[in-house]
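Student: Below is a structure I'd like to ask you about.
The values are calculated or read from the model by the stated rules, or taken from the named source; none is laboratory data. Please read these numbers as outputs of a predicted model, since none were measured by experiment. Here the Cβ positions follow ideal geometry from the backbone for every residue, glycine too, while neighbour counts run over all protein chains shown.
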Amino acid sequence: MVIFGASGDLTRRKLLPALYSLTRERLLPARFAVVGFARSRSDEPAFRADMRSGCEEFARRRPVDPDLWNTFEKNVFYQAGGYDDPEAFTALRRRLDEIEKALGLPGNRVFYLSTPPSSFATIIRNLGQAGLTPAAERPFARVIIEKPFGIDLASARQLNADIHQTLAERQIYRIDHYLGKETVQNLLVFRFANGIFEPLWNNRYVDHVQITGAETVGVEGRGAYFEEAGILRDMVQNHLLQVVSLAAMEPPIAFETDAVRDEKVKVLRALKPIAPGEMDAHVVRAQYAGGSIAGRRVPGYRDEPGVSPRSRAETFVALKFFIDSWRWAGVPFYLRSAKRMPRRVTEIAIHFKQAPHLLFGKRSADAIRPNVLAIRIQPDEGITLNFGSKVPGPALEIAPVMMEFRYGSSFGSEPPDAYERLILDCMLGDGTLFTRADEVEASWAWISRIHDAWAASRAHDLPTYEAGNWGPDDADDLLTRDGRSWRRP
Amino acid sequence: MTGIDSGRIERFSRGEPVEVEVAAIERELSALWREAAQARPISRAALWNLIVYVGRSASLVEAKDLVGAMASFVPARVIVLSYDGHEASGPELGATVESNVVSTPGGARTISSEEITLTARGAGVEHFAPLARALTAPGLPTALLWIDDPPARGRLMRQLLMLSGRLVVDTGVVSGDGDLASLHQLAGLAQARVADLGWLRLESFRLLFAGLFDPPVGGAPLRAPGRITIHHQARRAASALLFVGWLACQLGWTRPEARDSRSGDGRHEARRFRFSMPGGARMEVDLVAAPTTDGGTLPEAAGTAGVVAVELDTGGAGFAVRRTAGNRAELCLPVAPPRSVKLDSRSRMELCVEALRPRGHDPLFAGALAFAADLVAASEWTR
């Protein structure tokens, strides 16, 4: 496996710890090598030391087993080179041939692009020109591409066109680490392996759906990046629309890569476009102001390094939208995503309709809340179902209670990290949990309309919300107008 | 491995507070539960998020005892917010977590809930609302217990109210009229339903007074011109005002004219209100503060409910409910000899539990409170 951008944070925090954990779980082949490729002039001992400290800090099981690490690190290599330098790719090829020969590897190669997006097309072109991307099934050459995949519909289309000149679609693994999370995968099992939920999963029984992707962190030194991206590009276009597609899709004909992707893309294509004149009623954006998170004062977005004092990049977005399909006709989906929220949480909450006839009197009716099925993607992955129950005693009093399933308690261990699962899937040639070209373009097509409307908007300033709060009042109004309110996740 | 030492886990399992980092409360709590469950199976339960505000550090122990005792009846995720504006030293913000463990009869099973205590001094109070937002468990209703001090209209109260579906207050601790008016304004602002421990204490008194007019007496005396005198504890007029508000709402009295008066010795205070009743008759209501004993303490018979006696005089015919010793009341009617009955003697913990049940929010309270706030406004106007 070759990691481009090996000197970056992702490699140290996620990729190497994932590979180490897979080794520890005996899920990687005994003969395996990792080559870090980056522009930095580093050497193998320094790279290995840096990766070890990353594993000590971020691996799922700590501390690192010294014996295992000593074996593992012998297969960790480093190669310096420029992404736009064809010679560096020729040198990389020679190095890979040498390593494979020395270790007796069969020549299967995975290239992981953890670089700035502007380098994706160049790297893939250079890989192709160096003869590193043969289309053969065995030995294979596959490329994992990190997000963001484009910044709008036009750039995503262009990038797809560029990389398709070198790679077949089946060689491309566009990674969205949300799809590697156990609960996201479990969503399909929950829906399609249980007989009781799918019959309720439609507009007859579902009142509305809420999706929340909240982070407590701010831009964490990535102010310049966030100025260009905003939360709509950073979170919604990829992670959260993928979650929407899994929650709303029709049953696939089989649990196979293209069967699942075919159903997901139908959902993304069925997202009803928000017309420019409907933006105010369907979209709320805002920026965080200073406030308090986890007991400490934090600055406002415009006071972050690299952020313009007149910035219009949104750190909060709330959307109301519909999916034009038989299943979801008339069911509003409310989605919000933001930085500097009170707690870090990603969840899907299916709010069911109220019982059609309330038997238990007005006073009890006040206490009866609609059932909510909440699927927690992170942290504390699990599922809860709220329902009303009679309070023990002679009076007929009803109180909401909750049934809860948590991975940690039910299976006795925390689920594996998303990167472990996705890297392994790529090696096994299973693209089910990766996004296909048409999915990316369909989600950009929907998102880009919102960006276009914002670009055309005359609004000078965005509303603000205090850090540590659940967003601006306008976001509450989005639901209040419909007689609903945000669930506190 | 979590790296939690066994002493901490043991203390946590026993229900003792364990200090945690403010920034990692949820994580440390999860780790403590996980480790504690290694030793024995644990059933965790929560029906509410219970945010308890303590405005004086001297009341913290009492508040924690209260929520600890409530755990048997209402398992909850408790978040105690303790602020002391006078504390000069110590960290600005601190946190402890503990378990509230309840054994089922026979001890075959224990059910645990959790309690997070945040203590702040100085500017640390600014972190209370964001932390409460972060720490309330999803999917559960949230109640705010603000019972040791009169409800304040400050920023913290407003922020916490935004989180809460129920506000539990105690008009039994309200000493000034302004506090009652504040509570009425808060009730108007909040989406929260208000439950009042003072109102719940007053319940048996209201029922006994209303019972005086059951058949064969009937309600005619309440519609005739007359005078009602409500004796209440000094500096505890809120209960009396709520009692008047309740009567007014039930009997259709119009908004009052008011007059204040003060007795010569300065030890007791009286207020008179005049109301028009449906049909045009007038009812005068006197609120009379009961004299304190020589030592300045309140009469034992008053208990904590504030109202000591309610008397109706309709030109010769007298009806009365008077508190007597031993938490009893004497009922007086013109048609029968006086009789003594037991008054409600629920503890504060039992009242808090009641306040969280559906019956805790009494729709009559909102009307009585609004009327009482009008009485306060009328009193201020005539001062």
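Student: For A:L103, indicate whether it is in contact (Cβ under 8 Å) with a residue 60 or more places away in the chain and over 19 Å from A:Y419 (Cα atoms).
Tutor: yes
Student: Would the stretch B:73-87 turn up any residue that is more than 12 Å from every other protein chain (Cβ to nearest Cβ), in a helix (DSSP H, G or I) and not basic (K, R)?
Tutor: Checking the stretch B:73-87: not a single residue is more than 12 Å from every other protein chain (Cβ to nearest Cβ), in a helix (DSSP H, G or I) and not basic (K, R).
Student: Here's something else I'd like to know. Tell me which of these A:G382 doesn't satisfy, since it passes every other one: (1) surrounded by 20 or more Cβ atoms within 10 Å (Cβ to Cβ); (2) touching a Phe, Trp or Tyr at 6+ places or on another chain (Cβ under 7 Å); (3) within 10 Å of chain B (Cβ to nearest Cβ).
Tutor: Condition not satisfied by A:G382: (3).
Student: I'd like the full set of residues that are within 18 Å of A:A355 (Cα to Cα) and assigned to a strand (DSSP E or B), limited to the stretch A:383-402.
Tutor: Hits for the stretch A:383-402 are A:L385, A:N386, A:F387, A:G388, A:S389, A:K390, A:I398, A:A399, A:P400, A:V401, A:M402.
Student: Further, regarding this structure: Have a look at B:T229, B:T142 and point out the one that is among the polar types (S, T, N, Q) and touching a Ser or Thr at 6+ places or on another chain (Cβ under 6 Å).
Tutor: It is B:T142.
Student: Need at least 1 residues that are more than 18 Å from A:L422 (Cβ to Cβ) and touching a Lys or Arg at 6+ places or on another chain (Cβ under 9 Å) per element, so show me which helices (runs of 4 or more DSSP H) inside the stretch A:1-97 make the cut, counting only ones lying wholly within it.
Tutor: Fully inside the stretch A:1-97 and qualifying: A:44-58, A:66-73.
Student: So the check is Cβ under 6 Å with 6+ separation or different chains; which pairs have a first residue in the stretch B:354-367 that's under 13 Å from B:A187 (Cβ atoms) and within 10 Å of another protein chain (Cβ to nearest Cβ) and a second one that's of a type in the set (K, R) and crowded, with 18+ Cβ neighbours inside 10 Å?
Tutor: From the stretch B:354-367, the pairs are B:H361/B:R193.
Student: Is at least one residue of the stretch A:270-288 touching a Gly at 6+ places or on another chain (Cβ under 7 Å), away from chain B (no Cβ under 14 Å), closer than 30 Å to A:N186 by Cα and crowded, with 21+ Cβ neighbours inside 10 Å?
Tutor: No - not one qualifying residue is present in the stretch A:270-288.
Student: Tell me which of these A:L358 doesn't satisfy, since it passes every other one: (1) farther than 27 Å from B:E26 by Cα; (2) in a strand (DSSP E or B); (3) out of contact with any Gly (no Cβ under 9 Å at 6 or more places or on another chain).
Tutor: (2)
Student: Looking at the stretch B:1-43, which of its residues are more than 24 Å from A:R60 (Cβ to Cβ), assigned to a helix (DSSP H, G or I) and of a type in the set (D, E)?
Tutor: Within the stretch B:1-43, just B:E10 meets the criteria.
Student: Can you tell me how many residues in the stretch B:3-34 are without any contact (Cβ under 8 Å) to a residue 60 or more places away in the chain, away from chain A (no Cβ under 12 Å) and closer than 20 Å to A:S409 by Cβ?
Tutor: Of the residues in that region, 2 qualify.
Student: Same structure again: Does A:A338 fit the bill of being surrounded by 15 or more Cβ atoms within 10 Å (Cβ to Cβ), at the interface with chain B (Cβ under 10 Å from one of its Cβ atoms) and at pLDDT 85 or above?
Tutor: It is false that A:A338 is surrounded by 15 or more Cβ atoms within 10 Å (Cβ to Cβ), at the interface with chain B (Cβ under 10 Å from one of its Cβ atoms) and at pLDDT 85 or above.
Student: Output the number of residues of the stretch A:126-142 satisfying the condition of being closer than 16 Å to A:F89 by Cα and of a type in the set (A, V, I, L, M).
Tutor: Residues flagged as closer than 16 Å to A:F89 by Cα and of a type in the set (A, V, I, L, M) within the stretch A:126-142 amount to 4.
Student: So, in the stretch A:387-398, how many residues would count as being at the interface with another protein chain (Cβ under 10 Å from one of its Cβ atoms) and either modelled with pLDDT of 85 or more or within 43 Å of the chain's Cα centre (by Cα) (or both)?
Tutor: Result for the stretch A:387-398: 4.
Student: Where the second residue is among the aromatic types (F, W, Y) and surrounded by fewer than 20 Cβ atoms within 10 Å (Cβ to Cβ) and the first is in the same structural domain as A:F37 (by TED's automatic domain parsing) and touching a residue at least 12 places away in the same chain (Cβ under 8 Å) and lies in the stretch A:73-94, which pairs have Cβ atoms under 7 Å and are six or more apart or on separate chains?
Tutor: Sorted first by the residue in the stretch A:73-94, then by its partner, the pairs are A:N75/A:F32.
Student: Mind checking whether some residue in the stretch A:399-416 is more than 14 Å from chain B (Cβ to nearest Cβ), in contact (Cβ under 8 Å) with a residue 12 or more places away in the chain and on the phi < 0 side of the Ramachandran plot?
Tutor: Within the stretch A:399-416, one or more residues are more than 14 Å from chain B (Cβ to nearest Cβ), in contact (Cβ under 8 Å) with a residue 12 or more places away in the chain and on the phi < 0 side of the Ramachandran plot.
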